[in-house]
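Every read-out reported here was derived from the displayed coordinates using simple, explicitly stated rules and does not represent laboratory data. These numbers were taken from a predicted model, which means no experiment stands behind them. Glycine gets a Cβ as well: all are built from the backbone with ideal geometry, and neighbour counts include every protein chain shown.
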Amino acid sequence: MASQDWFDKDFYKVLGVSKDVSDAELKKTYRKLARKYHPDSNPGDAAAEAKFKEISEAHSVLSDPEQRKEYDAVRAMGSGARFTAPGSAGGAGGFEDVFGGMFGQGGGGRSQSYTFQQGGDYDDLLGGLFGGGRFGQTTGGYRGTGGPTKGRDVSASTTLDFVTATKGDQITLQTSEGKPITVRIPAGVADGQKIRLRGKGHPSPDGGEPGDIVLTVTVRKHPVFERDGLNLRVNVPVTFAEAALGTTIQVPTLGGDPVKVRVAPGTPSGRVLRVKGRGVETSKGTGDLLAIVQVAVPSHLSKEAKEKLEEFAALLPDENPRDELLAKSRG
């Protein structure tokens with residue numbers, strides 16, 4: 001929005017607040033009006049939509065301390081001022097009348113005049129006064145010549161279940177003003193990752209593109225699966241007999257039917273059995289399912305089973321599986 005527009009718009013009146021309104025009261029008033037005039041609450045009501053845009057514009061300026069200060073200054077200078085070109089029917093009361101005092105000049109009758117380059121306007125002069133404009137500043141929107149300024153970004157957070165984060169989905173969130181927004185969650189989002197929602201943040205104060213919402217994702221833990229990059233890890237228990245003799249077992253997959261996996265004879269606890277292509281599927285690639293074998297030891301044995309196990313142990317070679325570990329520990 002150009003600075004000249006600020007002479008004509010009373011943002012305090014638009015929001016129905018006093019000029020010394022506090023930040024908290026300003027925010028409370030804006031939210032109340034936003035809910036009342038939001039297009040979603042007034043479908044097809046062009047007047048309500050226009051009012052919503054008007055209060056949003058007013059809030060975007062007054063809620064920013066720097067912009068509010070400049071707005072108050074511009075409005076104070078423009079109060080009751082008449083802009084007439086030198087030599088016009090108005091006689092005195094040209095640009096010099098409004099701005100002369102700011103540069104140590106007197107009132108009417110001075111010999112000092114202000115010359116604008118071709119294409120110059122009120123923005124040029126106002127921009128220079130506030131650190132922008134065509135006085136060496138290259139950025140700024142209404143304060144300069146670098147084009148409209150982008151609206152401010154908004155930080156937000158959401159918690160997703162493990163399946164939604166892994167496979168991706170479309171969810172609906174609500175802004176602080178109660179406005180619902182649809183968010184596409186890409187497959188493979190990790191815990192703590194940030195998603196940038198383009199154009200969903202604060203509106204620009206001067207007609208530029210709106211800011212973004214930066215969404216931080218928290219992912220709930222799954223009772224069975226765990227992320228390992230693009231791979232999924234799952235602990236799979238097997239009996240001692242299955243690990244010793246070998247067998248085929250069923251391994252769960254995320255959101256699909258179990259797959260059959262071969263356990264070789266003599267498989268130790270901790271061995272990883274890989275199932276290709278059954279991990280996290282993203283645009284960058286697809287991971288694998290990693291089944292970690294955990295040999296399950298029975299906590300209770302019948303008398304007969306214990307006797308049989310003792311007979312089995314007697315048939316094993318007389319060796320200590322920890323000998324190598326102990327030797328390495330001694331250096």
Subject >> 5 angstrom amide H check on ASP228, placed H, neighbours 5+ away >> reply: ARG233
Subject >> Cβ-based exposure ranking for LYS9, LYS276, in which fewest neighbours within 10 Å come first >> reply: LYS276, LYS9
Subject >> Per-residue HN-Hα couplings for the stretch 311-328 [Karplus 6.51, -1.76, 1.60; θ = phi - 60°; Hz; x = Gly/Pro] >> reply: 4, 5, 4, 5, 7, 6, x, 7, 9, 9, x, 9, 4, 5, 4, 5, 5, 5
Subject >> Eligible lysines near LYS276 by straight Cα distance, threshold 24 Å, same-chain separation 8 or greater >> reply: LYS167, LYS221, LYS260, LYS284
**OP:** Could you tell me the distance between the Cα centroids of the stretch 147-208 and the stretch 1-62, to the nearest Å?
**Re:** 23 Å
**OP:** Over 14 Å, how big is the tail of the calculated P(r) for the stretch 154-219, in percent of all Cα pairs?
**Re:** 58 percent
Subject >> Relative counts (whole %) of C-alpha pair distances in the stretch 1-63, using bins that are 10 Å wide >> reply: 22, 50, 26, 2
